[in-house]
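The values are calculated or read from the model by the stated rules, or taken from the named source; none is laboratory data. These numbers were taken from a predicted model, which means no experiment stands behind them. In this analysis, Cβ positions are derived from the backbone assuming ideal geometry, glycine residues included, and neighbour counts consider all displayed protein chains.
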Amino acid sequence: MIPILSPTPDNIRRAAEALRRGSLVAMPTETVYGLAGDALNPKALARIFEVKRRPFFDPLIVHISERSWVEKLCHQIPDGARTLMERFWPGPLTLVLAKRDIVPDLATSGLDTVAVRMPSHPVAQALLQEAGTPLAAPSANPFGRLSPTCAEHVAADFSDGIDCILDGGPCAVGVESTVIGWEDGKPLLLRAGGIALEAIEVVIGKVLEKTSATPVPQSPGNLPWHYAPRTPLELWNPGDSLLRANSGLLWFGTETAPRGFVHTENLSPKENLQEAAANLFSALHRLDHAGLSCIYAQILPDVGLGRAINDRLRKAAAAPHLAHEGDC
Ligand code: AMP
Ligand code: MG
């Protein structure tokens, strides 16, 4: 059993010591819980990949608590990146920048860029300060599976390999950070996330979106499937009638729950996309534990945080479920 600790100063010190020894700590952030290790220690990085069973070609995000680390980790920083740091850090925005040699190749999967973020969660901030080193922290779940948005989700997914789980309560944002990179001096959305693209464009102008026709910088993390519950998940439109028996529904909106589902989860009865994002992974965890043969998920409006939610749902629906019977 991995201990779940309340984030007292003593426990933060204990966790920071573990990190300095090269061990891993599950830490709360405002997006999702992260599986944190010393970003400058290749052995700790290797442990992250091993414990998560994450393929080595999927680069990690390096978390910092002070702006001075940006210059130590990165160079050739575009003006737009500085503007975004001013406006959105600390917060759910990751910037992919040219890396310096101090960043181990394992953190970047051999790319010459590193993904950097300054989280706003006070426990993450305190841990970073106390550890005195940047922390690489992918989501604290087995690779490809649902992201954890509370300490119990992490405890349910892992039985060893992690020194402790710091319990910072439920994550306020609930989806991963927005990832922005630059190509030929132009900003590019690499992953939709907790800061709406529209808010970023207000600050730095048009951001290109990755499409199959867009030449993207190598971004191996953008795999076709991800964020998947163990129960098969299929996208659903109101009015769809072809329902399987024993299925659940993840939906959104002010109307009464559609009939015919064994278990329904409304992400936001008020149709608030921020609330929907904050509820997304807990609702999916509950549906995944309800003994269903299929989860149907409604696609939300593709604006603001709806874009990040839909990205997660589309990738979850693309997951292969070869081992399951009764796929929908
Ligand atoms: P996470 O899976 O939440 O740990 O987020 C890491 C994601 O950030 C990766 O899967 C990539 O999509 C993106 N990323 C991280 N580092 C880079 C990089 N150097 N270049 C492009 N994308 C990156
Ligand atoms: Mg993840």
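Brief remarks follow.
- Every pair of residues 6+ apart whose Cβ atoms lie under 8 Å, when the first sits in region 54-69 and is closer than 14 Å to S120 by Cβ and at pLDDT 95 or above while the second is within 16 Å of ligand 1 (Cβ to nearest atom) and of a type in the set (S, T, Y): H63/T29
- Residue in region 130-151 that is among the hydroxyl-bearing types (S, T, Y), closer than 15 Å to I64 by Cα and part of a strand (DSSP E or B) present: no
- The residue of region 25-50 that is farthest from the chain's Cα centre (by Cα), among those that are outside any strand (DSSP E or B) and closer than 19 Å to V173 by Cα, is P28.
- Subset of region 160-202 (residues that are among the β-branched types (V, I, T), out of contact with any Gly (no Cβ under 6 Å at 6 or more places or on another chain) and either buried (at least 20 other Cβ atoms within 10 Å of the Cβ) or not assigned by TED's automatic domain parsing to the domain that holds V116 (or both)): I162, I165, V179, I180, I195, I200
- Test result for V262, of a type outside the set (D, E, K, R) and loosely packed, with under 14 Cβ neighbours inside 10 Å: no
- Of the numbered criteria (1) more than 9 Å from ligand 1 (Cβ to nearest atom); (2) in contact with a Ser or Thr (Cβ under 7 Å, 6 or more places away or on another chain); (3) outside any helix (DSSP H, G or I), the one G110 fails is (2).
- Residue pairs whose Cβ atoms lie under 6 Å apart, sitting 6 or more positions apart in sequence or on different chains, and linking a residue in region 126-142 that is under 17 Å from V116 (Cα atoms) and of a type in the set (S, T, Y) to a partner that is within 16 Å of ligand 2 (Cβ to nearest atom) and assigned to a loop (DSSP other than H, G, I, E, B), are S139/V32; S139/S147.
- Scanning region 9-55 for residues that are over 19 Å from P142 (Cβ atoms) and in contact with a Gly (Cβ under 6 Å, 6 or more places away or on another chain) gives N41, K43.
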